[in-house]
1. Give the residues of the range B:42-78 that are facing chain A (nearest Cβ under 10 Å) and not in a strand (DSSP E or B), sorted by residue number.
2. Only one residue in B:Gly83, B:Gly34 is in contact with a Gly (Cβ under 8 Å, 6 or more places away or on another chain), part of a strand (DSSP E or B), touching a residue at least 24 places away in the same chain (Cβ under 8 Å) and closer than 24 Å to A:Ala184 by Cβ, so which one is that?
3. If you take the residues of the range A:1-49 that are of a type in the set (Phe, Trp, Tyr) and away from chain B (no Cβ under 13 Å), which of them is surrounded by the fewest Cβ atoms within 10 Å (Cβ to Cβ)?
4. Identify, from the list C:Ile186, C:Ile197, C:Ile145, the residue that is assigned to a helix (DSSP H, G or I) and touching a residue at least 12 places away in the same chain (Cβ under 8 Å).
5. Take the conditions crowded, with 21+ Cβ neighbours inside 10 Å and either touching a helix residue (DSSP H, G or I) at 6+ places or on another chain (Cβ under 6 Å) or more than 14 Å from chain B (Cβ to nearest Cβ) (or both) and apply them to C:Ala155. Does it pass?
6. Looking only at the range B:98-113, count how many residues are surrounded by 21 or more Cβ atoms within 10 Å (Cβ to Cβ) and touching a Lys or Arg at 6+ places or on another chain (Cβ under 6 Å).
7. Return the only residue of C:Ala101, C:Ala53, C:Ala107, C:Ala131 being at pLDDT 90 or above, under 27 Å from C:Asp218 (Cβ atoms) and either surrounded by 15 or more Cβ atoms within 10 Å (Cβ to Cβ) or away from chain A (no Cβ under 11 Å) (or both).
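The values are calculated or read from the model by the stated rules, or taken from the named source; none is laboratory data. It should be emphasised that the depicted structure is a prediction, and the values quoted were computed from it without experimental measurement. Here the Cβ positions follow ideal geometry from the backbone for every residue, glycine too, while neighbour counts run over all protein chains shown.
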Amino acid sequence: MTLTLLSFGPGGWGSTLLIGALMTIAVAVTSFAFGLVPGALAAMASRSPHAWLRALALVYTTLVRGIPELLVIYLFFFGTSSMIMAIVRLSFGYGGYIEVNAFAIGVLSVGLISGAYSAEVIRGAIASVPKGQVEAAMALGLKRWVIVSRILFPQALRVALPGLNNVWQTTLKDTSLISVTGLAEIMRSANMAAGVTHEPFTFYLVAALIYLLFTWGSARLFARAEIFSGRGLKEARP
Amino acid sequence: MARSWIISLALMVPLLGLTPAAAQESLPDPVRIGIEGAYPPFNFVDTNGEVQGFDVDIMNAICAAEKIRCEFVIQDWDGIIPGLQVGKYDVIIGLGITEERKKAVDFTDKYWATGNRFVGRKDKEWDYTPEGLDGVVIGVQGGAWQEAYVKAELPQSVMRSYQTLEQAYLDMEAGRVDLVFSDTVLLFDFLNSDRGKDYEFKGPEYDDPKYFGTGVGMGIRKGENLLRDTISSGIRKVRESGEYKKINEKYFPFDIYGE
Amino acid sequence: MNFQMILESFPTLLEGVRLTLELALLSVSTGLVLAIGLTVARQSRFVALQLLAKGYVFVFRGTPLLVQLFLLYYGLSQFDAVRASIFWVVLRDPFWCSTIALALNTAAYVSEIIRGGVLSVPSGHIEAAHAVGMSRLTIMRRVVIPVAARQALPAYGNELILMIKATSLASTVTLLEVTGIARQIISRTYAVFEVFIAAGVIYLLINMVAVVAVHVADAWLHPERRRPPNTMPVRNA
């Protein structure tokens, strides 16, 4: 019974779930990567000597992290399409409905949320690099860019990786919320199948296993990155 | 620079209002119907991704009777009202009509309405009065009419609100809930299924209009009267032609239109 | 957008704040204790214990909290054995189920955060502490924990906020915390944006308090940033 429900043939939800799974991974990867941009910018801004830049970073991270994810997604999805329609109406006089690509909106909203969390992780990681090293590099006359790429970045990356891994996992699961925009990712597919077949556990378990598969794969990548960025350092145990 | 700020502020105003277009003189073509697709037997998506069910058949019949082109848009229930307001579709199928909701959306005439009843285990019986249900745990669907009724009329019982009826059934099976209170037609579907065999209808049928609204209709953006009247007239035509009865019999062994 | 509706929903939503806070505080504190246990287990010499802790973190971080809560609340209750056991007293109650699910989930994340913090302690520090003859416990107390805590705090602040928002999932198992009440008002009135914005403001305020608390803790953990007492600030020439 359960197996036929999950099969790929007629009467089975296999292909629906597979498409949902692919959609989830596509949205999650794009959102996380996109989110690193505002994340890094906010982290840098929060260390800036200009008070207004620090304030801007603080407003972004506090606001986006502080309100529930679902609200951010609601406001983005329906906000952007209303705004674009309003622009078109004012400029061309066309008053109809314009479909805004649900994928793009999903990436934009989930990415901005993800970025707000990355910002904190990146900020902490940069702060963990001892000030003396940067001062020493400056004393040696190294260029700003060299200091960032050769001294700050490699050391900060090592510290940031576990935190970024956490953010990535959260982002992966946040994608389940964009189903309100009509995008059929894995949670929406599972919900639909559960509602139609009255078999909620089968489908929630399958969804959980698919998420687990994704995190398993990504955890391996992060572990390799951690080993790579920690090369040249030995671990001392108390 | 300052001017562009003013223009963007002006653009924010309709954004906040979330009204996509002024009231139309003509009907949209096609008329797009927002539908959940996870509410059998009323509407559900089959494994090919097509919507089916009572709602779909009725809507197709209405569109044929009014000679309009209709198109279904599947939308998660949590986003169904915002989707209407922003113009993703023009009609939502299957909204319970109440005065309070009329502040947010307009309704067509009802297209189904059944009474409300309790369902409970066959081997248990209560006295269905406020005192008789003292301390009894009643499961309802959150925001449904039954919730308001239990809150006001059965204050001594313990109410639990679920997001879906499915969850209320699960908790009744687990013994966390004694009775589930909902629309007769929905409960009928549960009782008829394999897992409903230990359960039965309990107590009288409730239909106090003070709580139970005036049935289930279609939701339309406020002010779009032409569309609303067209759909309402479609419902009447389908009733008169006997089409309704045919579709009704395909899904339910009793009349769900009410009087 | 109806601003009146936003204002009108506030008082009703505020009734759920207490439950939201109870869920958050209880699960965050239990979760922290569990997380410390998990971190210790991961550093343990027993391979079985290490694997167990690793597996736990993997499963709980790897699956959505909503699914975990559903399986704990609706899933376990389908087994007669569970309903007959002594655990049923706790498991039949939606509040305890939510608290347990939230605590189990956050423990997995927090143990990773603690691990990251411990890893950031330079090995030279620990070797130096060994060299001056500190005991294992003293090294933990005087070197590892203070440095690791500083490093872990920003990420822990993230987790706190995530947990406060995650309490909203308790609404799916009938609890009427802020989101539960918001959903009730929405399905009664269909005023989706208005009610969600009002609820969003409430969560934002709660989270701001958490952010301020984390900032205070951060300042406390970084004594070197404080201005020494009785010194005049030096003006740049």
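1. B:Asp46, B:Thr47, B:Asn48, B:Gly49, B:Gly53, B:Gln75, B:Asp76, B:Trp77, B:Asp78
2. On the way: B:Gly83 fails: part of a strand (DSSP E or B).
Answer to the selection: B:Gly34.
3. This residue is A:Phe34.
4. Details: C:Ile186 fails: touching a residue at least 12 places away in the same chain (Cβ under 8 Å); C:Ile145 fails: touching a residue at least 12 places away in the same chain (Cβ under 8 Å).
Of C:Ile186, C:Ile197, C:Ile145, the one residue that is assigned to a helix (DSSP H, G or I) and touching a residue at least 12 places away in the same chain (Cβ under 8 Å) is C:Ile197.
5. Numbers: crowded, with 21+ Cβ neighbours inside 10 Å: yes; either touching a helix residue (DSSP H, G or I) at 6+ places or on another chain (Cβ under 6 Å) or more than 14 Å from chain B (Cβ to nearest Cβ) (or both): yes.
For C:Ala155, the condition - crowded, with 21+ Cβ neighbours inside 10 Å and either touching a helix residue (DSSP H, G or I) at 6+ places or on another chain (Cβ under 6 Å) or more than 14 Å from chain B (Cβ to nearest Cβ) (or both) - is met.
6. 1
7. C:Ala107
Rundown of residues vs (1) touching a residue at least 24 places away in the same chain (Cβ under 8 Å); (2) β-branched (Val, Ile, Thr); (3) farther than 23 Å from A:Ile73 by Cβ, yes/no style:
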| residue | (1), (2), (3) |
| --- | --- |
| A:Val146 | no, yes, yes |
| A:Phe153 | no, no, yes |
| A:Leu164 | yes, no, no |
| A:Val167 | yes, yes, no |
| A:Thr170 | yes, yes, no |
| A:Asp174 | yes, no, no |
